[in-house]
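Before anything else, here's the structure in question.
The values are calculated or read from the model by the stated rules, or taken from the named source; none is laboratory data. What you see is a predicted model; the values in this text were computed from it and never measured. For neighbour counting, all protein chains shown are included, and Cβ atoms are generated from backbone atoms with ideal geometry for every residue, glycine included.
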Amino acid sequence: MKRNTSLQTGEPPGAEIITIGNEVLSGRTVNTNAAFVASELERVGVSVAWVTTVGDVAAHIRDAFLRAWERANVVIVTGGLGPTHDDVTRSVFCEVFTRGLRRDEAVLQNIRSLFAARGRPVTPRNEEQALVPEGTEVLQNRWGTAPGIHWTENGKHWFMLPGVPREMQNLLTHEVLPRLRGLPGARNVVRRELHVVGVPESYLMDRIADITGIEQVASLPDSKGEVCLRVTVASESYDEAHARCARIVSDLEARLGDAIYGYDGDTLEAVVGRLLAERNMTIAVAESCTGGLVTSRLTDVPGSSRYLVSAVVAYANAAKTDFLGVPLSTLTAHGAVSAETAAAMASGIRNRSQTNLGVAVTGIAGPGGGSPEKPVGLVYLAVADHEGVEVVRELFGDDRLLTKARAAEAALALVWKRLLRKMGNTVTHVNPKDREGNRAT
């Protein structure tokens with residue numbers, strides 16, 4: 001078998017990701033594992049050159065393994081390590097690289113402990129997962145039963161990880177990346193993400209098109225209406241990479257100002273929650289067309305009970321009058337989807353819940369119910385506080401689920417901007433120590 005030894009000669013390490021599973025190959029399951037692995041490998045200066053997906057067919061897996069060994073210096077395999085008949089990754093690995101199996105007692109004990117904690121008996125098939133290829137390093141899986149496997153030869157690294165995303169991600173973060181950091185030829189990578197809301201991507205890119213280093217900025221819009229600006233700088237010197245990244249981030253901040261709501265792992269709901277909690281403020285939510293999505297996002301944040309007091313999904317007009325105090329005359333004169341009704345909903349939920357802020361959403365999600373005056377995708381959003389009510393009109397198109405997602409995003413953005421104005425636009429988005437950029441860790 002040909003040995004690729006470029007890692008020993010100092011050439012940049014090229015990686016291959018192999019994802020195994022019929023459900024991934026058929027498209028029934030989205031291949032999030034490959035995206036996660038590629039992103040994380042970039043953090044430690046390992047470039048992904050190939051991504052291969054194969055089904056649970058031994059011959060196809062064998063071919064993929066042989067090609068990967070021929071051309072890649074780092075191979076990450078996910079999937080096919082479970083206890084069922086179609087989990088053949090381990091046996092194919094042993095066949096290709098001529099290895100037997102040995103029982104690992106630590107893995108076996110982990111399996112037994114996990115089953116005991118769930119009150120379930122261990123089957124012989126489950127215990128077979130404690131059989132690992134000889135001559136390999138076992139990566140203990142604290143999050144599941146299938147262990148990870150690491151094999152290295154001639155400076156090349158081969159990893160096999162379970163396909164369950166949570167297990168794979170934890171093993172990659174805690175076991176794989178530390179073993180890959182500092183490989184010969186790997187460059188120091190500094191990456192920073194800036195999260196922008198309320199600015200269309202085309203307009204956003206026009207505003208930053210001429211900054212120095214723009215070629216190192218990737219624009220990543222999502223379906224909700226956010227844009228992530230990812231700054232990635234690689235250099236032989238970490239100090240140089242860090243300095244260049246910091247300069248680009250500073251230029252982006254100067255151009256975009258308070259359109260940037262957060263950095264790196266921030267979410268809009270987490271930023272809103274942090275601002276509310278830091279100022280001991282409370283909020284209540286009234287939703288119609290979003291059906292609870294605004295509330296769901298707020299409660300995704302641990303500790304949200306500190307500031308979220310109540311929420312009402314008031315779909316019918318009667319619910320808007322009974323639970324939110326929207327005057328029947330307002331509904332009769334202006335309709336359920338109107339600036340007046342949105343304002344009354346926000347004020348009503350705030351008054352009834354005795355909170356600092358009230359936020360409301362009402363609209364036509366579609367596909368039916370629209371008219372020339374009020375088309376499908378029309379949404380009114382409102383935020384109320386002791387100074388009054390602000391209402392925003394939006395048109396989100398004719399896709400029902402996208403309209404709901406974008407309306408929830410817009411409602412949170414409206415609250416965020418209201419909080420900024422109340423604080424005189426003096427919000428610090430980022431920890432000073434984080435402004436230096438995120439080194440691969």
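With respect to L101, is the statement that it is modelled with pLDDT of 90 or more, surrounded by fewer than 16 Cβ atoms within 10 Å (Cβ to Cβ) and more than 24 Å from E128 (Cβ to Cβ) true?
The answer is no for L101.
If you take the residues in the range 67-107 that are among the polar types (S, T, N, Q) and in contact with a helix residue (DSSP H, G or I) (Cβ under 9 Å, 6 or more places away or on another chain), which one is farthest from R125 (Cα to Cα)?
This residue is T78.
Name the residues in the range 50-63 that are farther than 15 Å from V92 by Cα and part of a helix (DSSP H, G or I), would you? Write out each step before concluding.
Taking the range 50-63 first, the residues farther than 15 Å from V92 by Cα are 50-53.
Result: no residue meets the conditions.
Conditions: (1) of a type in the set (S, T, N, Q); (2) modelled with pLDDT of 90 or more; (3) over 23 Å from T321 (Cα atoms); (4) surrounded by 16 or more Cβ atoms within 10 Å (Cβ to Cβ). S371 meets all but one. Number of the miss?
(4)
Another question, if that's okay. Among the residues of the range 156-177, is there at least one that is under 16 Å from S47 (Cα atoms), among the basic types (K, R) and out of contact with any Pro (no Cβ under 7 Å at 6 or more places or on another chain)?
Taking the range 156-177 first, the residues under 16 Å from S47 (Cα atoms) are 156-159, 172, 176-177.
Subsequent filtering for residues that are among the basic types (K, R) retains 156.
This time we only want the ones that are out of contact with any Pro (no Cβ under 7 Å at 6 or more places or on another chain), so: 156.
Yes: one or more hits.
Restricting to the range 112-150, name every residue that is closer than 21 Å to L172 by Cβ, in contact with a helix residue (DSSP H, G or I) (Cβ under 8 Å, 6 or more places away or on another chain) and not polar (S, T, N, Q).
V132, P133, V138, L139, R142, W143, G144, A146, P147, G148, I149, H150 - these are the residues of the range 112-150 that are closer than 21 Å to L172 by Cβ, in contact with a helix residue (DSSP H, G or I) (Cβ under 8 Å, 6 or more places away or on another chain) and not polar (S, T, N, Q).
Conditions tested, residue by residue: (1) surrounded by fewer than 24 Cβ atoms within 10 Å (Cβ to Cβ); (2) free of Cβ contacts under 8 Å to residues at least 60 places away in the same chain; (3) aromatic (F, W, Y).
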position: S353; (1), (2), (3): yes, no, no
position: L357; (1), (2), (3): no, no, no
position: P367; (1), (2), (3): yes, yes, no
position: P375; (1), (2), (3): yes, yes, no
position: V379; (1), (2), (3): no, no, no
position: E387; (1), (2), (3): yes, yes, no
position: V392; (1), (2), (3): yes, yes, no
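Examine the range 349-364 for a residue that is assigned to a loop (DSSP other than H, G, I, E, B) and in contact with a Gly (Cβ under 9 Å, 6 or more places away or on another chain), and state whether such a residue exists. It would help to see each step written out before you state the result.
Looking only at the range 349-364, we keep the residues that are assigned to a loop (DSSP other than H, G, I, E, B), and these are 354-356, 364.
Then keep just the ones that are in contact with a Gly (Cβ under 9 Å, 6 or more places away or on another chain); that gives 364.
Among the residues of the range 349-364, at least one is assigned to a loop (DSSP other than H, G, I, E, B) and in contact with a Gly (Cβ under 9 Å, 6 or more places away or on another chain), which makes the answer yes.
Looking for something within 17 Å of R179 (Cβ to Cβ) and in contact (Cβ under 8 Å) with a residue 40 or more places away in the chain - is there at least one such residue anywhere in the range 120-129?
No, there is no match, as no residue in the range 120-129 is within 17 Å of R179 (Cβ to Cβ) and in contact (Cβ under 8 Å) with a residue 40 or more places away in the chain.
Looking only at residues that are in a loop (DSSP other than H, G, I, E, B) and of a type in the set (D, E, K, R) in the range 182-213, which one is surrounded by the fewest Cβ atoms within 10 Å (Cβ to Cβ)?
Ranking the candidates gives D210 first.
Also, quick follow-up: Looking at A254, A243 in this structure, which one is under 24 Å from E42 (Cα atoms), outside the structural domain of T321 (by TED's automatic domain parsing), among the aliphatic types (A, V, I, L, M) and part of a helix (DSSP H, G or I)?
A243
If you check R67 against the conditions, is it over 30 Å from Y238 (Cα atoms), assigned by TED's automatic domain parsing to the domain that holds A146 and under 32 Å from the mean Cα position of the chain (by Cα)?
Against the criterion (over 30 Å from Y238 (Cα atoms), assigned by TED's automatic domain parsing to the domain that holds A146 and under 32 Å from the mean Cα position of the chain (by Cα)), R67 qualifies.
I'm checking my understanding of the structure. Among residues of the range 28-49 that are among the aliphatic types (A, V, I, L, M) and in a helix (DSSP H, G or I), which one is nearest to K156 (Cα to Cα)?
The extreme case among them is L41.
Can you name every residue in the range 263-301 that is among the charged types (D, E, K, R), surrounded by fewer than 19 Cβ atoms within 10 Å (Cβ to Cβ) and part of a helix (DSSP H, G or I)?
Going residue by residue through the range 263-301, those that are among the charged types (D, E, K, R) are 264, 266, 269, 274, 278-279, 287, 297, 300.
Imposing the further condition that a residue be surrounded by fewer than 19 Cβ atoms within 10 Å (Cβ to Cβ) reduces the set to 264, 266, 274, 278-279, 300.
Passing the criteria: R274, E278.
Let me ask something additional. Please tell me if L139 is surrounded by 15 or more Cβ atoms within 10 Å (Cβ to Cβ) and modelled with pLDDT under 95.
no
For the subset of the range 121-136 comprising residues that are in contact with a Leu (Cβ under 8 Å, 6 or more places away or on another chain) and of a type in the set (D, E), which member is surrounded by the fewest Cβ atoms within 10 Å (Cβ to Cβ)?
My answer is E134.
Determine whether L256 is modelled with pLDDT of 95 or more and at negative phi. Don't jump to the end; show me each part of the working.
Numbers: modelled with pLDDT of 95 or more: no; at negative phi: yes.
No, not satisfied.
Identify all residues within the range 302-322 that are surrounded by fewer than 17 Cβ atoms within 10 Å (Cβ to Cβ), farther than 16 Å from L276 by Cα and touching a residue at least 24 places away in the same chain (Cβ under 8 Å); write none if there are none.
Within the range 302-322, just Y315 meets the criteria.
A further question follows. Within the range 75-111, can you find the residues that are acidic (D, E) and in a loop (DSSP other than H, G, I, E, B)? Explain how you work it out, then say what you get.
Filtering the range 75-111 for residues acidic (D, E) gives 86-87, 95, 104-105.
Across the range 75-111, the qualifying residues are D86, D87, D104.
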